[in-house]
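Below is one structure, written out as structure tokens; comments come after it.
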2 protein chains.
Amino acid sequence: MAVEVRAALVIIGNEVLSGRTQDANLQFIALGLAEVGVRLKEVRVIPDEQSVIIDTVNLLRRQFDYVFTTGGIGPTHDDITSESIAKAFDVPLLRDPRAVERLLRQIKPENLNEARLRMANIPQGADLIDNPVSHAPGFRLGNVFVMAGVPRIMQAMFDGIKGDLRGGARLLAVEVTIAGGEGVIADGLGALQRQNADVEIGSYPFNRDGGYGTVIVVRGRDGGQVAQTAQAVGHLAKACGLAATGQDQAPK
Amino acid sequence: MAVEVRAALVIIGNEVLSGRTQDANLQFIALGLAEVGVRLKEVRVIPDEQSVIIDTVNLLRRQFDYVFTTGGIGPTHDDITSESIAKAFDVPLLRDPRAVERLLRQIKPENLNEARLRMANIPQGADLIDNPVSHAPGFRLGNVFVMAGVPRIMQAMFDGIKGDLRGGARLLAVEVTIAGGEGVIADGLGALQRQNADVEIGSYPFNRDGGYGTVIVVRGRDGGQVAQTAQAVGHLAKACGLAATGQDQAPK
């Protein structure tokens, strides 16, 4: 069986914890990682506090193959991610000439004040991550990728590094949509899961236009097994008197 | 100074980690907690895995005043939150007659199959949380509140318990919107933060309609201090040649 490559995401930002900002990065990163065969296994949203960032990153980088962070690499006093990562790795935070050169693509020399120059402070030994939107780079140190929090910039950074990740086999999925609540088929679904331990069967009820429905997601690395289980889910639904669609699609 | 009442949220669900579903619960809970003077300090998104749920809940319930969980209390095999919480607290999971009675408000007796009855399995000693939408209850055990993942149900459950939370002083905030990037005022803003250690100054750049802007959020428990600092932010922006709005509003 293929080895699972596992990642964690750390969303750094008081603005998400306060409810001021709706996070828009988790889903983008989750879907992008899945494309390259990396599985997002944990997400933490933490405040702009140095000790919390250090402890969280140090724990997760030992537990997971990859750690991604978003947020806290701008020019203001509350942007403390870079110095916290340097401390987590116990390396100095240095003014990086490569990063200064990139800032100068966007900012006139006379406007490159001390605050903006903070965006060129990079932990020693890190590789820069391109920022095609506003040039202030992210960086990679060991298995930790440090990216901006602004979604447009984060997405450009992530798209640039995605190809460098070494993933395992992609998880394939088929979604079967059932015209009824999950309670009707839940017993049979549990039995199907027990009989097919190599796939994961998820059940997600929804309420749309006043009617109840359920999406059953079958995931696994073996396309044949996924397809077979999805068909069994369709048969189960019909045996319970519910219409089902999607079970004959190829896994993707 | 008022004691800070701190909470953590655990979002339980493979569907969020896979990117299939965009979480819609974090922001609602964050804003609701803020209303009653409870501060959300950490969020974790974790998979439907019993050992992870147990370890996460046991860690966080000792670290925070309140822990909220969403997801995993439905009728299907992947709904394992209730049994995991029972194990975390080392109490038995029992068929709860109060919960069965509630299920019977929604489900005809002949349709109350074994799977649906799982929704009435509640850890011993827990108080039920009302579910005015579909009746299957959540529950509270110690400082842990276990709620549904479907946003409409979660919101109804949360609104029902919010009044029982014992919060500290509310954080008041003023937002100052500045017509320019944060790099221009960052140096001055850092100085303002150092001079006003009892308030938190957050800086959130945005890009709208092709223009850059920044929202500065000043938060604190003392309305006078918040208002004063917000005005100082406005003056700072103007001294840097940028228009600023909002600094004269009352903190809310």
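Amide hydrogen proximity for A:Phe145: with H placed 1.01 Å from N in the peptide plane, the residues at 5 or more positions away or on another chain lying under 5 Å are A:Val67, A:Phe68, A:Thr69.
Listed cross-link partners A:Lys162/A:Lys252; A:Lys41/B:Lys87; A:Lys252/B:Lys87; A:Lys162/B:Lys162; A:Lys41/A:Lys252 are compared with a 30 Å cut-off, the Cα-Cα value being larger for A:Lys252/B:Lys87; A:Lys162/B:Lys162.
DSSP bridge analysis restricted to the protein assembly as shown gives an antiparallel fraction near 65%, rounded to the nearest 5. Taken about its Cα centre, chain A carries a charge dipole of about 360 debye when Lys and Arg each add +1 at the Cβ and Asp and Glu each add -1 at the Cβ.
Would you mind ranking A:Lys162, A:Lys108 by Cβ crowding within 10 Å, fewest neighbours first? Exposure proxy ranking, most exposed first: A:Lys108, A:Lys162.
The mean number of Cβ atoms from other chains found within 10 Å of a Cβ in peptide B:189-200 is 2, as a whole number. This ranking places B:His135, B:His235 by how few other beta-carbon atoms lie within 10 Å of each, fewest first, which gives B:His235, B:His135. Across the protein assembly as shown, Cα-Cα distances exceeding 32 Å account for 47% of all pairs.
Calculated on the alpha-carbon coordinates, the convex hull of the range B:1-68 measures out at 69 cubic angstrom per residue. The charge dipole of the protein assembly as shown, taken about its Cα centre with unit charges on the Cβ atoms of Lys, Arg (+1), Asp and Glu (-1) only, comes to about 80 debye. In a simple Cβ point-charge model (Lys, Arg +1; Asp, Glu -1; nothing else charged), the range A:49-183 has a dipole of about 360 debye relative to its Cα centre. Note: the range B:172-245, Cα convex hull, 71 Å³ per residue. Other residues lying with their Cβ under 12 Å from the Cβ of A:Ile11 contribute a combined charge of -4, Lys and Arg counting +1, Asp and Glu -1. Normalised by the number of residues in chain B, the average gap of Cα pairs under 8 Å and 6 or more apart makes the relative contact order 17 percent.
Report, in whole Å, the centroid distance computed from the Cα atoms of the range B:125-139 and the range B:188-252. The two parts, judged by their Cα centres, are 42 Å apart. Over all Cα atoms in the range B:102-226, the spread is summed up by Rg and Dmax: 23.3, 69 Å.
Other residues with beta-carbon under 9 Å from the beta-carbon of A:Glu35 carry, at +1 per Lys or Arg and -1 per Asp or Glu, a net charge of +2. Pairwise Cα separations in chain B fall into 5 Å bins from 0 onward with the following percentages, short to long: 1, 6, 12, 14, 14, 12, 10, 9, 8, 6, 4, 3, 1, 0, 0. Among DSSP bridges having both ends in chain B, what percentage is antiparallel? Round to the nearest 5. Just about 60 percent of them are antiparallel.
When chain B is described by a simple charge dipole with +1 on each Lys and Arg Cβ and -1 on each Asp and Glu Cβ, the residue from B:Gly210, B:Val45, B:Gln195 located farthest towards its positive end is B:Gln195. Principal-axis analysis of the Cα atoms of chain B puts helix B:26-35 at an angle of about 70° to the longest axis.
Any read-out appearing in this document is the output of simple, stated calculations on the displayed coordinates, not a laboratory observation. The shown structure was predicted, so the numbers you read here are calculated from the model rather than taken from an experiment. So basically every Cβ, Gly included, is an ideal-geometry build from the backbone, and we count neighbours across all protein chains shown.
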